[in-house]
Amino acid sequence: MKQLEIPFMQLRGGSSKGLYFLASDLPSEADVRNAILVDAVGRGSRQIDGLGGADPLTSKVAIVGPSTRADADIDFLFAQVVVGQDVVDTTPNCGNILAGVGPFAVEAGLVRAQPGKTCVTVHMVNSGKLCALLLATPDGVMEYEGDTAIDGVPGTSAAVVCNYLDVAGSICGALLPTGNVVDSVGGVRVTCVDNGMPVVALLAKDFGLTGHESPEKLNSDQALKTRLESIRIELGPMMNLGDVADKAVPKMCLISPALHGGLINTRTFIPHKCHSAVGVLGAVSAATAAIIPGSVAEGLVNVPLGETKQISVEHPSGEFSISLEVDESGELPEIKKAGVLRTARLLSRGVLFVPAPAKRGP
Ligand code: NQM
């Protein structure tokens, strides 16, 4: 039986890598589409029969099409293939893959680039929120070369400026999904926040850790991972996420005092493996947790004053800079805008082959 042929591009978006498809090149029925995505990325923990890299950060998919909203240029649905579980989770968004969505839209002819800079407003279908991307497009052509460096990526590239608009509660329905600033679960205090990504902030010291351990060391600590997973499963329904056993959210973020002048230091499990850096919206949510009065981070952070806060989130391979526009006049800080700097690069473009439907199987 002939294999299915699907046009695709592969881009590095921020510090992640993904397969990018036009929505019109995939079936619209979610189950049929997801089976194709799992085959495209690869089944099993090694993904030997697909294009993924056997890591959550390289098992990502962007599905992009013309916008269904008048206030956006394009629609972007993010899909995470959960490594080793052969399922697709469209609950979370991904700020790294999002950085590649602008360049993809230009390359695919969905957006016409302007000479100089091109602004692409993206409707993030997973959350129903908007992000404005600013791309370098001299002569009206996508430029990948530049002098912006981001941690976790070798060399430098052209900047993709990402301005998230009003992302609080995008996945769980509220900035504080449990309704509390602090909850006690599994014998520890946690602060659960959704400022674009559902994140559970926990104190590394409550787990007998400094918070500066390497991802390799944390990934080999089976007792820690089991404890984090049982807290995560318990918090799923409390965060309005339901049963999260097969979901990529919430992310579990161990926080500790920053060592290099940042707001906090992080080790984030996404959700079963410790991130080698930190996710974009994961960092925005962790930083938000840290500035909420009374959160688990209280006493551990020096919150910058002023409406626009330049915040650095430290992680295993460096730091992540965020510009947060915050209204602090109410009981809870209200995040108006979160700006981050990313880069992206087109890696390949062509036709992807997946087994014909009858051959595709568990
Ligand atoms: O939090 C990792 C990444 C991400 C997601 C993850 C991301 C985000 O580094 O917005 O970027 O949390 O799975 O790509």
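The values are calculated or read from the model by the stated rules, or taken from the named source; none is laboratory data. In this text the structure is predicted, and so the values were computed from the model without any measurement. Cβ coordinates were reconstructed from backbone atoms using ideal geometry, including for glycine residues, and neighbour counts include every protein chain displayed. Please note that ligands, DNA and RNA were not included when accessible areas were found on the heavy atoms of the full protein model with its side chains. Shrake-Rupley method; radii C 1.70, N 1.55, O 1.52, S 1.80 Å.
Annotations
- Cβ pairs under 7 Å, 6+ apart, first in segment 150-166 and assigned to a strand (DSSP E or B), second open to solvent by 60 Å² or more (accessible area, probe 1.4 Å): 157/145; 157/345; 159/341; 161/134; 161/341; 163/337; 164/337; 165/337
- Filter result for residue 49 (acidic (Asp, Glu), assigned to a loop (DSSP other than H, G, I, E, B) and farther than 22 Å from residue 197 by Cα): yes
- Looking across segment 83-115 at every residue that is of a type in the set (Asp, Glu) and in contact with a strand residue (DSSP E or B) (Cβ under 8 Å, 6 or more places away or on another chain), the one that is nearest to the ligand (Cβ to nearest atom) is identified as 89.
- In segment 217-253, the qualifying residues are those that are of a type in the set (D, E, K, R), part of a loop (DSSP other than H, G, I, E, B) and within 16 Å of the ligand (Cβ to nearest atom), and the one that is least open to solvent (accessible area, probe 1.4 Å) is 247.
- For residue 321, the conditions (1) part of a strand (DSSP E or B); (2) surrounded by 19 or more Cβ atoms within 10 Å (Cβ to Cβ); (3) within 15 Å of the ligand (Cβ to nearest atom) are fulfilled apart from (2).
- Leading residue by the ranking (surrounded by the most Cβ atoms within 10 Å (Cβ to Cβ)) among those in segment 181-216 that are assigned to a helix (DSSP H, G or I) and more than 23 Å from the chain's Cα centre (by Cα): 207
- Of residues in segment 32-51 being open to solvent by 20 Å² or more (accessible area, probe 1.4 Å) and touching a helix residue (DSSP H, G or I) at 6+ places or on another chain (Cβ under 7 Å), the one nearest to residue 12 (Cα to Cα): 51
- Selection from segment 167-180 of residues that are small (Gly, Ala, Ser), open to solvent by 30 Å² or more (accessible area, probe 1.4 Å) and part of a loop (DSSP other than H, G, I, E, B): 173, 174, 179
- Some residue of segment 126-138 being away from the ligand (no atom under 16 Å from the Cβ), among the hydroxyl-bearing types (Ser, Thr, Tyr), out of contact with any Lys or Arg (no Cβ under 7 Å at 6 or more places or on another chain) and open to solvent by 10 Å² or more (accessible area, probe 1.4 Å): no
- Taking segment 258-271 as the range and being open to solvent by 10 Å² or more (accessible area, probe 1.4 Å), free of Cβ contacts under 8 Å to residues at least 60 places away in the same chain and either within 9 Å of the ligand (Cβ to nearest atom) or under 19 Å from residue 81 (Cβ atoms) (or both) as the test, only 271 passes.
- Members of segment 35-62 that are among the hydrophobic types (A, V, I, L, M, F, W, C), without any contact (Cβ under 8 Å) to a residue 60 or more places away in the chain and over 20 Å from residue 165 (Cβ atoms): 37, 38, 41, 48, 54, 61
- Qualifying positions in segment 91-113 - assigned to a helix (DSSP H, G or I), among the small types (Gly, Ala, Ser) and under 19 Å from residue 348 (Cα atoms): 99, 100, 102, 105
- Residue match in segment 83-100 (condition: in contact with a Phe, Trp or Tyr (Cβ under 7 Å, 6 or more places away or on another chain) and farther than 30 Å from residue 43 by Cα): no
- Count of residues meeting criterion [more than 9 Å from the ligand (Cβ to nearest atom) and either of a type in the set (Lys, Arg) or not in a helix (DSSP H, G or I) (or both)] in segment 274-294: 4
- Options 140, 187: the member that is outside the structural domain of residue 12 (by TED's automatic domain parsing) and over 17 Å from residue 241 (Cα atoms): 187
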